[in-house]
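Laboratory data are not the source of any read-out in this text; all were calculated from the coordinates shown. No experiment lies behind these values; they were computed from the predicted model shown. No Cβ is skipped: glycine too gets one built from the backbone with ideal geometry, and neighbour counts run over all protein chains shown.
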Amino acid sequence: MIKVTPLRGAYLLICQSLWLRISALWLGLVCGSAHADDAALVDLAAALPTVVVEARYAGSHNFVGVPIEGYLDARVLLTQPAVEALGAVQAGLVEFGLGIKVFDGFRPQRAVDHFVRWASDLNDLATKAEFYPQVDKANLFSDGYIAARSGHSRGSTVDLTLVDLKTGDELDMGTPWDFFDLMSWPSSELPTVEQRANRALLRAVMAEQKFRPLETEWWHFTLADEPFPDTYFDWVID
C-alpha cells in the first residue's frame, strides 16, 4: 500500500489540475467548442483600418452561392503575427498609392466541411459559369481545388489582392479571387504581361514579410512562422 504524504498529495493535486487544464485546452483547440472572439485571433479591420476587407464567405457571392457555415459576421480574423505582417505589407504599399484587399483569413473547419459537402453535390452547378467554367465539378477534389482541410483553419493564411487606394479598384490579376482554373496559378503564362506583373508585385511584397505563396492560387499566402502550424480550429466568426 502506497502511503500518501501531504507533500505527495499536493503534488498529485497539482498534476491533476494541470491535466484538466491541458485537456480543456485540447478540446477547445481540436474540437472547436469556442467562438473566435475567445481565441487568439485579431479582427483585421479593427487592427488595420486602412486595409479593405470584403469577407465574401459571410455572404452569397462565393463559389458555393450561399453564406458559408461558421461565418456569422462579415469579418476577417487572423493571428496577431499575421496581422502585424500584413500591417507592414500595407505600410510599404501606401507610398505607391496601393493597398491590400482581403477576402478571407481564418476559416472555421465547419466552413471547410461545407465546401466538401457542396463539392460532393454534382447537381448543384449554380456558380459554375462564374467560378469554375472550365473545370468538371466531379474533379474539384482530384484537381486540388477542394480538400478536407485548409491552412486557413490555422489562422495565419490569407486570401488577398492589391487595390488602387484612390479609386478602390482592384489591380487586374488575370482572374478573380477563388477562380478554379489553371489560369489562377501564379506560374501560368496565360495572363497578360501587366497581369503577371501585378501578381509578381503581390507575391514580392508578401514574401518580404515572410508569407509563403501557394503555387495554385495567386491570392493565397501563409505566414511562414505561423504560431499554430499543426492545429485546425473550428471557432465561429460572429
Within straight-line cross-link reach of Lys210, aspartates and glutamates at Cα separation under 17 Å, skipping those fewer than 8 residues along the same chain: Glu84, Asp159, Asp225, Glu226
Gap in Å between the Cα centre of region 67-103 and the Cα centre of region 43-59? 6
So, in nm, how far is label Val66 from label Leu201 when the simple model puts each one 7 Å beyond its Cα toward the Cβ? 3.9
Projected label distance in nm at Asp225 and Phe96, using a 7 Å step from Cα toward the beta-carbon: 2.4
